[in-house]
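Have a look at this one before I ask anything.
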Amino acid sequence: MKVSKTYPLKLNVNGEWKKAEVTPRETLLHVMRERLSHTEVKEGCGKGDCGACAVLLDGKPVNACLTLALQADGQRVVTLKGIGTPDKPHPLQESFIKKGAIQCGFCSAGMIVTAKGLLDKNPKPSREEIGKAISGNLCRCTGYKKIIEAIEEAALKLRRTKNDRR
Ligand code: FES
Ligand code: FES
């Protein structure tokens, strides 16, 4: 039996450095879920069509199923759990719940991660810009309207919080 050579991988996941030995063919999705137990990174289509597996890689949303783990070596990975937790939810998570933008929940992790990537670089996106940002994230339940409203509401809340701090 042929055994694939492995290489050391170092990732900063939600602020913590993690190490693994991976083969060149392993995807970031596989490593996150199977080796680092970050099952909040969801597996959907596995071929770049649904956005369920989105993570922020050095601040930019990427599909983890299309990213080779070794391509991410030395970089920062942020998952849904790095954005907020049940005890300390992010405004995006609060708005998704409040607006009914989470139904079956299959798309939600990827959607929120993608929205976070958008709001970090564009705190006041138009509806069109939000639509464009989430165009790679498939939702079979909500018709997108509630998701877009939730992102708008979170953006407003984040801008207000920032202004209050000034
Ligand atoms: S699982 Fe990665 S895009 Fe669908
Ligand atoms: S809430 Fe079901 S796929 Fe989006």
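The values are calculated or read from the model by the stated rules, or taken from the named source; none is laboratory data. Predicted model only: the values in this text are computed from it and were never measured. Here Cβ is always computed from backbone atoms with ideal geometry, including for glycine, and neighbour counts include all displayed protein chains. Side chains are part of the model used for accessible areas, which takes the heavy atoms of the whole protein and leaves out ligands, DNA and RNA. Shrake-Rupley method; radii C 1.70, N 1.55, O 1.52, S 1.80 Å.
At q = 0.18, 0.26, 0.27, 0.28 Å⁻¹, what base-10 log of I(q)/I(0) does the Debye formula yield for the stretch 7-79 when every alpha carbon is treated as an equal point scatterer in vacuo?
-0.57, -1.27, -1.37, -1.48
Please give the Cα centre distance for the stretch 22-53 versus the stretch 121-145, rounded to the nearest Å.
What the calculation gives is 22 Å, centre to centre.
Under 19 Å from the Cα of residue 162, which lysines turn up, not counting those fewer than eight places away in the same chain?
In chain and number order, the partners are 88, 116, 121, 124.
When the dipole is taken about the Cα centre of the chain, and only Lys, Arg (+1) and Asp, Glu (-1) are charged at their Cβ, what size is it in debye, to the nearest 20?
Values: 30 positive and 18 negative charges, 56 e Å.
The calculated dipole for the chain is roughly 260 debye.
Taking only protein heavy atoms into account and a 1.4 Å probe, give the accessible area per residue of the chain in Å².
Details: 9530 Å² over 166 residues.
Using a 1.4 Å probe on heavy atoms only, each residue of the chain averages 57 Å².
At 1.4 Å probe size, put 30, 90 in order of accessible surface, largest to smallest. Could you put the intermediate results ahead of the total?
Working: 30 85, 90 25 Å².
Largest to smallest exposure gives the sequence 30, 90.
A follow-up question, please. So, in nm, how far is label residue 81 from label residue 60 when the simple model puts each one 7 Å beyond its Cα toward the Cβ?
Taking the simple label geometry, residue 81 and residue 60 are separated by 2.6 nm.
Among 59, 29, 39, which residue has its Cα furthest toward the positive end of the charge dipole of the stretch 1-64, with +1 on Lys/Arg Cβ and -1 on Asp/Glu Cβ?
The one lying farthest along the dipole's positive direction is 29.
Related question: Once both labels are modelled 7 Å past Cα along the beta-carbon direction, what's the residue 5-residue 127 spacing in nm?
With each label placed 7 Å out from Cα toward Cβ, I get 5.5 nm.
Under DSSP H, which helices of the chain have Cα atoms covering 15 Å or more of the helix axis and a Kyte-Doolittle average no less than -0.5?
Details: long enough: 108-121 (20 Å, 0.59); 145-165 (30 Å, -0.99).
In the chain, the long hydrophobic H runs are 108-121.
If you consider only alpha-carbon coordinates, what radius of gyration and Dmax does the chain have, in Å?
Reported Rg and Dmax, both Å: 16.4, 63.
Could I ask something else about it? Is the C-alpha gyration tensor of the stretch 84-165 telling us rounded, prolate or oblate? Criteria: a/c under 1.5 is rounded; beyond that, a/b larger than b/c is prolate, otherwise oblate.
Since a/c reaches 1.5 but b/c is at least a/b, the shape of the stretch 84-165 is classed as oblate.
Probe radius 1.4 Å, ligands and nucleic acids ignored: give me the carbon and sulfur share of the accessible area of the chain as a rounded percent. Don't skip to the end; give the middle numbers.
On the way: 4870 of 9530 Å².
Its accessible area is 51 percent carbon and sulfur atoms.
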